[in-house]
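**Q** First, the structure itself, so that you have it in front of you.
The values are calculated or read from the model by the stated rules, or taken from the named source; none is laboratory data. Since the model is a prediction, treat every value here as computed from it, not as a measurement. Because the Cβ atoms are built from the backbone with ideal geometry, glycine has one as well, and the counts that use them run over all protein chains shown.
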Amino acid sequence: MSIKYFDHAATTPVREEVLKEMLPYFNIEFGNPSSIYSIGRKARKAIEISREKVGNSICAKSNEIYFTSCGSESDNLAIKGFAYANKNNGNHIITTKIEHPAVLNTCKKLESQGFEVTYLGVNKNGIIDIEQLINSIKKNTILISVMSANNEIGTIQPLKEIGRISRLNNIAFHTDAVQAIGNIKIDVQELNIDLLSLSAHKFYGPKGIGSLYVRNGINFEKIQDGGHQENNKRAGTENVAEIVGLGRAIEIANKNLENYNDKLKNLRDYYIREITKNIPNILINGDIKNRLPGNINMSFKDIDGEYLLFNLDEVGICASTGSACSSGSSEPSHVLVELGVPNDYINCSLRITFGEQNTKEEVLFLVENITKIINKYKNII
Ligand code: PLP
C-alpha cells in the first residue's frame, strides 16, 4: 500500500539534495568545529556558511543566528533567555492562548518563577485582537511572544502590526515561526522582529535541528551551561551535519517559495471544492484568507475523529487532528476551544497539510475516502 502523506505541518521528508550535502559531515568531514586542525576548520566553515544562509533567508545578519536542537529549544532559549536577562526592566510577558506548548509551557514555567504572563485570546477566526494587545501592555512588559502561524489551523497573525506596537513601546518581539518559515516570507527588518524560532524538519530539512535569531543589541542569557559554543549562548558541540542540512533546506525553501505557495494553494482549494460537494455540515477552522497556503483544518459534525483517522490510516492516508481523538487525551485541542468550535464539531477536526509531493489525484483519493468513512460511520451509529 502506498502512503499518501498529508501531514506536512507535523514533519516533512528530508530533500535528497539536502541529505547529500549532510552526509560527508557524519564520517568524512567529521571534525569538531572547535578543533584547530583542518577537518575541524572545515566543519567550522560549513557551520558559518549555514549561518549565513539562515540569516539571508530572514533578512538578518549571520551573527544574529544561533543553532539549537529544535524549535522547542529555540522557543525556550528565546523566552527564558530574554526574560532572565531583562528581569530588572520588568517581569511581564504577553503571549497568546493558541501558542504551541513549547511557548505555553515555557511561559507557565516563568510564571512559577515570579514572572507575570498575559495570555491573549483570539477571535473566531484564530487571529489576535490588536486593541487587546495594546491594552495588555503595562509598565513592566518586557516581551511579546506571538506565533507567526498556528500549527493546527495555520492562521497567520498580524506580525507587522505586532512588530510596530512592540517597537513603539520599547518591548521585545519574539515570534515562533516554526510553521511559517518555508511557507511564507518573513523579513525580520520589515516586521520589527527581535527574536525568531525556526525548525528544519518543517521545510524538508532534518529533525532535531533548529535555530534562533536574536537581533544584535537584544540582551539574552544562555539557559544551558557548558562550553563556549554559539558565541557562549548555547553550550554543546555543534551538530554539524544537521546544521549543514538546515542551511541548505532553508536556502532551497526560500528560492522556491512562490511556486511552492501556488502549488499548495491550488491543492488546498481543490480539496475544499471537492469535499464540500460530498459532505454537508463542514466547519472550516481558522481564517480562510490569513492562513498558511497548505493548511486546511475542518470539523465534521457528529463524527468521531478517532474513527476517521484510524480508517484513513487503513488506506494509507496520513493526516492529523487537533481534537482529543488523535492524542488519546480526553481534552479537546486548546486551539479549537479558544476558537469556540461548537461541541458537536469539536470532536472531529481534520488537519490536512499539503506538501511538495502531493497531487490532485491524491486529493481525490483523500476526498473519496473521507466521504466513504463518514458515510459508513453515519450508518453504524
Ligand atoms: N512551534 C510550533 C508552532 C510547532 O508547530 C512546533 C512543532 O510542531 C514547534 C514549535 C516545536 O518544534 P520542534 O518539533 O522542532 O521542537
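**Q** Looking only at segment 95-130, which residues are out of contact with any Lys or Arg (no Cβ under 9 Å at 6 or more places or on another chain) and among the β-branched types (Val, Ile, Thr)?
**A** 95, 96, 98, 103, 127, 128, 130
**Q** Also: In segment 360-381, how many are closer than 14 Å to residue 275 by Cα and basic (Lys, Arg)?
**A** Of the residues in that region, 2 qualify.
**Q** I'm trying to understand the selection: among the residues of segment 240-282, which are within 23 Å of the chain's Cα centre (by Cα) and not in a helix (DSSP H, G or I)?
**A** 256
Residue-wise test of (1) within 16 Å of the ligand (Cβ to nearest atom); (2) surrounded by fewer than 20 Cβ atoms within 10 Å (Cβ to Cβ); (3) among the β-branched types (Val, Ile, Thr); (4) not assigned by TED's automatic domain parsing to the domain that holds residue 246.
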{"position": "79", "(1), (2), (3), (4)": "yes, no, yes, no"}
{"position": "82", "(1), (2), (3), (4)": "no, no, no, no"}
{"position": "95", "(1), (2), (3), (4)": "yes, no, yes, no"}
{"position": "98", "(1), (2), (3), (4)": "yes, no, yes, no"}
{"position": "104", "(1), (2), (3), (4)": "yes, yes, no, no"}
{"position": "123", "(1), (2), (3), (4)": "no, yes, no, no"}
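**Q** I need the full set of residues from segment 196-241 which are closer than 18 Å to residue 31 by Cβ and surrounded by fewer than 24 Cβ atoms within 10 Å (Cβ to Cβ), in order please.
**A** Selection gives 227, 228, 229, 230, 236, 237, 238, 239, 241.
**Q** Please specify each residue of segment 146-174 satisfying the condition of being more than 11 Å from the ligand (Cβ to nearest atom) and assigned to a strand (DSSP E or B).
**A** 155, 156, 172, 173, 174 - these are the residues of segment 146-174 that are more than 11 Å from the ligand (Cβ to nearest atom) and assigned to a strand (DSSP E or B).
**Q** What number goes with the only condition from (1) more than 14 Å from residue 196 (Cα to Cα); (2) in contact with a Lys or Arg (Cβ under 9 Å, 6 or more places away or on another chain) that residue 149 does not pass?
**A** Exception for residue 149: condition (1).
**Q** Continuing with this model, one more query. Limited to segment 175-221, what total is found for residues that are assigned to a loop (DSSP other than H, G, I, E, B) and more than 9 Å from the ligand (Cβ to nearest atom)?
**A** Number of matching residues: 25.
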